[in-house]
Amino acid sequence: MTAATKAAGGEDPQALYRTIRACRICRDAPLGRPLPIEPNPVLALSSTARIVVAGQAPGNLADKTTKPFNDPSGIRLRDWMGIDAAGFYDPARIAIVPMGFCFPGYDGKGGDLPPRRECRATWHARVMAAMPQVELVLAIGLHAQRFHIDGGGARSLTETVEDWREVLAGGGRFAKVLPLPHPSWRNNAWLKRHPFFETELLPELKRRVAALV
């Protein structure tokens, strides 16, 4: 256990990571229908990373490779952050904590289902308590924003991202929060309709990432 973790009275992130990797809650005691595949929690915890990437849930490719954001959306996210793959996948610098740790399967239209509720209810407060050194959470998507932003549960994703300065100034449940849309190519139309994201928010995202990694 690191000195920082001891001082905060939290758990060793690596021991907690191993515990979560063995988690089968959504298969054995589901809140709703069982997970359609064998659970494979995909995340990265750290005692030194000052940034948490809080996405929705691993996609199919991330599940198959046990590597988060191992798809085109990950390439776009790293471009948004101004960081290369080596830096992104270095847990000493970046922790990755999706709202659901396992691929949830597909809905009837071929899109990913929402993150499983079991993860948030069981693990997330515990995970964040084990990483008191975190200074910035990149909250990707509505589920992550509702969890990490104080009072953020009533607003839409668009409203939350539009108010990113207010969100960032107001802090969050565990650290400062910068809200982002999902970097999926399905959001191209949203990005075109909201040019402030590229001209105003992304420069601030890159600046803060560079300062913290």
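The values are calculated or read from the model by the stated rules, or taken from the named source; none is laboratory data. Everything numeric here is computed off the predicted structure, so don't read it as measured data. Note that we place each Cβ from the backbone using ideal geometry, even for glycine, and neighbour counts take in every protein chain shown.
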Margin query: Just checking, does region 107-118 include any residue being within 29 Å of L205 (Cβ to Cβ), under 15 Å from the mean Cα position of the chain (by Cα) and surrounded by fewer than 18 Cβ atoms within 10 Å (Cβ to Cβ)?
Written below: yes
Note to self: What's the number of the only condition in (1) touching a residue at least 40 places away in the same chain (Cβ under 8 Å); (2) closer than 30 Å to T19 by Cβ that G172 fails to meet?
What the structure shows: (1)
Item checked: Residue within region 89-106 that is outside any helix (DSSP H, G or I), among the hydrophobic types (A, V, I, L, M, F, W, C), modelled with pLDDT under 95 and over 24 Å from V134 (Cα atoms) present -> yes
Margin query: Would you confirm, using the coordinates I've provided, whether L201 is over 14 Å from the mean Cα position of the chain (by Cα), modelled with pLDDT of 95 or more and not β-branched (V, I, T)?
Written below: yes
Check: How do the pairs read when you match residues in region 92-117 that are under 18 Å from R50 (Cβ atoms) with residues anywhere that are assigned to a strand (DSSP E or B), using Cβ under 6 Å and keeping only pairs 6 or more apart or on different chains?
Finding: I94/I51; A95/A44; A95/V52; I96/A44; I96/V53; V97/V52; V97/A54
Item checked: Test for P41: is it modelled with pLDDT under 90 and not β-branched (V, I, T) -> no
Note to self: Considering only residues that are of a type outside the set (V, I, T), more than 23 Å from A211 (Cβ to Cβ) and touching a residue at least 24 places away in the same chain (Cβ under 8 Å), which ones fall in region 66-83?
What the structure shows: K67, P72, S73
Next item on the list: Identify all residues within region 133-169 that are farther than 15 Å from E200 by Cα and exposed (fewer than 13 other Cβ atoms within 10 Å of the Cβ); write none if there are none.
Entry: D150, G151, G153, A154, S156, E159, A169
Next item on the list: Sort out which residues of region 63-103 are buried (at least 22 other Cβ atoms within 10 Å of the Cβ) and charged (D, E, K, R), and write them in order of number.
Entry: D63
Next item on the list: Give the residue, chosen from R146, R120, R76, that is in contact with a Gly (Cβ under 6 Å, 6 or more places away or on another chain) and of a type in the set (K, R).
Entry: R146
Check: Is at least one residue of region 179-187 surrounded by 19 or more Cβ atoms within 10 Å (Cβ to Cβ), more than 22 Å from I83 (Cα to Cα) and touching a Leu at 6+ places or on another chain (Cβ under 9 Å)?
Finding: no
Next item on the list: Would you mind telling me which numbered condition in (1) closer than 15 Å to L45 by Cα; (2) aliphatic (A, V, I, L, M); (3) in a helix (DSSP H, G or I); (4) touching a Pro at 6+ places or on another chain (Cβ under 7 Å) L77 fails?
Entry: (1)
Item checked: Conditions (1) farther than 21 Å from L45 by Cβ; (2) touching a helix residue (DSSP H, G or I) at 6+ places or on another chain (Cβ under 6 Å); (3) not polar (S, T, N, Q); number of the one not met by G172 -> (1)
